[in-house]
There are 4 protein chains.
Amino acid sequence: MTTPPPVRFRTQRKVRFADCDPARIAFYPRYFEMLNGIVEDWFEAMGWGFGEMHLKRDIGIPTRRLEADFLKPSFLGDVLDLELSVLKVGRTSVDLRTRFLCAEEVRWTVNQTLVLVDMKGLGAIPWPDDLREKLAG
Amino acid sequence: MTTPPPVRFRTQRKVRFADCDPARIAFYPRYFEMLNGIVEDWFEAMGWGFGEMHLKRDIGIPTRRLEADFLKPSFLGDVLDLELSVLKVGRTSVDLRTRFLCAEEVRWTVNQTLVLVDMKGLGAIPWPDDLREKLAG
Amino acid sequence: MTTPPPVRFRTQRKVRFADCDPARIAFYPRYFEMLNGIVEDWFEAMGWGFGEMHLKRDIGIPTRRLEADFLKPSFLGDVLDLELSVLKVGRTSVDLRTRFLCAEEVRWTVNQTLVLVDMKGLGAIPWPDDLREKLAG
Amino acid sequence: MTTPPPVRFRTQRKVRFADCDPARIAFYPRYFEMLNGIVEDWFEAMGWGFGEMHLKRDIGIPTRRLEADFLKPSFLGDVLDLELSVLKVGRTSVDLRTRFLCAEEVRWTVNQTLVLVDMKGLGAIPWPDDLREKLAG
């Protein structure tokens, strides 16, 4: 792997009782919920809250593709550092890499393509200029 | 792509209210919960119920890697056909491909590597012979 | 307690890995998801699918009140019998009692008031005549 | 209603995309997950983290009974104030009242009985003295 992309947005998320399974580790579908959460927070920080987007503008940013590597399990009570990087901004899409770490140990990495979509027709639409600029960093 | 692998296990799963989000489509983290469900059902059908595995034998089959393509959204009330294929059986792992379809339309495909793990030490362990044989089909 | 109300609708629901918590029993918020599921199935059986209701007619049936007794825990792999009874049909509401049993053992009982609501204004509205008749049994 | 009990523990919780349903309000089973979260945080603040309790001591605090009133719906993006009060400390149980508010508007109230349980036998056990003292406030 070459130089990692710079981190563009960070949050923390505790692994809660509700996130864990009978194997007593974080249940992996919950990782995707946490991932959805950091994307939600990041868009809100850019002035594009999900409430505004979905309820008022009828647009959304569904995931089109993702690749995830589960490197180490996470446990009840762990505090995860979520770090989001932008790999590429397309006309209607954006490629992200997000890593979950606990005390420097990388637990999970995911590369993900999001697409801006008109929720009425469910077709891809170009990023508005102001948002595209913010995505580009 | 060449000939698709034969389907080894099938289930159906309705897209319920609880699976959908304010964008009014299936919330993608729930797809992974459904995926976990078909793997659970398949292992149970092979005589390896998750209850027995996790609670009595202290073994599990966490996901190590996955790649997923979200081709079309799913809607409240859709009945999905889940089809699981085996791509490769390793010494301690198995590679699966699962597709979610609705009335022949492919909605979602996921390639996934599961690893058999001793939940105490969290290290990979070889498949028991009887299970390995069943995985191989 | 006097004679229990007659059961009006039944489903079965397996306690899955995704329903269980690190205490290795069913996580109680998931009981409410299962409860939502039987109500969804019952309304669909009466010709009022949630998709139709929420997406086309913009009406819903949120819960206004509930009382629940957790009598015995449920475990991974248990098959629960869900039994729904109607206690009372009001002008805009309905009172239900639902019980979850496993092999005759009552695990959970919940009394619940649902209200028919116009999702635009979020105000209560009267049951349409045909639905009211079906609710009344 | 008489004087409300004093608030003993507070947290905030944003209503996220993952918490909302196709009716575009918070999905009520998620309220119970949030409720589980504030209890988890409160016990941790008293020195009884759920990880320690469940994974090391094999004890838990399942809910035995609850009554909940859904007064107003919550929406994507709302920041909820969660306020927990202690109604009564029993030998093996504790009665709590928790309210969810948004900008002073009471959205949800729940009265709940938790029981300290030995997770091996699932029988109720008395509060340890130090914890009982903390519960009593």
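Checking residue B:34 against (1) open to solvent by less than 10 Å² (accessible area, probe 1.4 Å); (2) more than 13 Å from the chain's Cα centre (by Cα), which test does it fail?
Unmet for residue B:34, out of (1) open to solvent by less than 10 Å² (accessible area, probe 1.4 Å); (2) more than 13 Å from the chain's Cα centre (by Cα): (2).
Among the residues of the range A:122-130, is any over 30 Å from residue D:50 (Cβ atoms), assigned to a strand (DSSP E or B) and either out of contact with any helix residue (DSSP H, G or I) (no Cβ under 8 Å at 6 or more places or on another chain) or in contact (Cβ under 8 Å) with a residue 40 or more places away in the chain (or both)?
Looking for residues that are over 30 Å from residue D:50 (Cβ atoms), assigned to a strand (DSSP E or B) and either out of contact with any helix residue (DSSP H, G or I) (no Cβ under 8 Å at 6 or more places or on another chain) or in contact (Cβ under 8 Å) with a residue 40 or more places away in the chain (or both), one finds at least one in the range A:122-130, hence yes.
How many of the residues making up the range A:1-24 are touching a Phe, Trp or Tyr at 6+ places or on another chain (Cβ under 6 Å) and not in a strand (DSSP E or B)? Give the derivation first.
Taking the range A:1-24 as the starting set, the residues that turn out to be touching a Phe, Trp or Tyr at 6+ places or on another chain (Cβ under 6 Å) are A:9, A:17, A:21.
Still in the list and also not in a strand (DSSP E or B): A:17, A:21.
Summing the residues that are touching a Phe, Trp or Tyr at 6+ places or on another chain (Cβ under 6 Å) and not in a strand (DSSP E or B) in the range A:1-24 gives 2.
Could you list, in sequence order, all residues of the range B:1-19 that are basic (Lys, Arg) and within 7 Å of another protein chain (Cβ to nearest Cβ)? It would help to see each step written out before you state the result.
Taking the range B:1-19 as the starting set, the residues that turn out to be basic (Lys, Arg) are B:8, B:10, B:13-14, B:16.
Scanning the range B:1-19 gives a single hit, B:16.
What number of residues in the range B:20-62 are within 21 Å of residue C:30 (Cα to Cα), touching a helix residue (DSSP H, G or I) at 6+ places or on another chain (Cβ under 7 Å) and more than 10 Å from chain C (Cβ to nearest Cβ)?
6
Check C:116, C:71 and return the single one that is buried (at least 18 other Cβ atoms within 10 Å of the Cβ) and in contact (Cβ under 8 Å) with a residue 24 or more places away in the chain.
Details: C:71 fails: buried (at least 18 other Cβ atoms within 10 Å of the Cβ).
Of the residues listed, the single one that is buried (at least 18 other Cβ atoms within 10 Å of the Cβ) and in contact (Cβ under 8 Å) with a residue 24 or more places away in the chain is C:116.
For the range D:1-18, which residues satisfy the criterion of being free of Cβ contacts under 8 Å to residues at least 40 places away in the same chain and of a type outside the set (A, V, I, L, M)?
In the first step, residues of the range D:1-18 are kept if they are free of Cβ contacts under 8 Å to residues at least 40 places away in the same chain; the result is D:1-3, D:18.
Result: D:2, D:3.
Can you work out which of the residues in the range D:22-51 that are among the acidic types (Asp, Glu) and in contact with a Gly (Cβ under 9 Å, 6 or more places away or on another chain) is nearest to residue D:132 (Cα to Cα)? If you could, list the steps in order and put the result at the bottom.
Residues of the range D:22-51 that are among the acidic types (Asp, Glu), as a first pass: D:33, D:40-41, D:44.
If we keep only those that are in contact with a Gly (Cβ under 9 Å, 6 or more places away or on another chain) too, we end up with D:40, D:44.
Values: D:40: 16, D:44: 14 Å.
By that ranking, first place goes to D:44.
Against the definition (open to solvent by less than 20 Å² (accessible area, probe 1.4 Å) and either among the hydroxyl-bearing types (Ser, Thr, Tyr) or more than 12 Å from the chain's Cα centre (by Cα) (or both)), how does residue D:19 come out, yes or no? Outline the logic, then answer.
Numbers: open to solvent by less than 20 Å² (accessible area, probe 1.4 Å): yes; either among the hydroxyl-bearing types (Ser, Thr, Tyr) or more than 12 Å from the chain's Cα centre (by Cα) (or both): yes.
Yes.
Can you pull out the residues in the range D:74-91 that are open to solvent by 20 Å² or more (accessible area, probe 1.4 Å), more than 14 Å from chain A (Cβ to nearest Cβ) and more than 30 Å from residue A:24 (Cβ to Cβ)?
Result: D:81, D:83, D:87, D:88.
So, in the range C:63-73, how many residues would count as being farther than 27 Å from residue B:50 by Cα and within 14 Å of chain B (Cβ to nearest Cβ)? Explain how you work it out, then say what you get.
If we filter the range C:63-73 for residues that are farther than 27 Å from residue B:50 by Cα, which is where we start, we get C:63-69.
Retained after the next criterion (residues that are within 14 Å of chain B (Cβ to nearest Cβ)): C:63.
Selection size over the range C:63-73: 1.
Residues are listed down the side, and each one gets a yes or a no for (1) more than 18 Å from residue D:87 (Cβ to Cβ); (2) of a type in the set (A, V, I, L, M, F, W, C); (3) modelled with pLDDT of 95 or more:
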residue	(1), (2), (3)
D:5	no, no, no
D:12	yes, no, yes
D:16	yes, no, yes
D:25	yes, yes, no
D:33	yes, no, yes
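The values are calculated or read from the model by the stated rules, or taken from the named source; none is laboratory data. Everything quoted here is computed from the prediction, not taken from an experiment. Using ideal geometry, Cβ is built from the backbone for each residue, glycine included, and neighbour counts are taken over all protein chains shown. The protein model used for the area step is the full one, side chains on, heavy atoms only, and it has no ligands, DNA or RNA in it. Shrake-Rupley method; radii C 1.70, N 1.55, O 1.52, S 1.80 Å.
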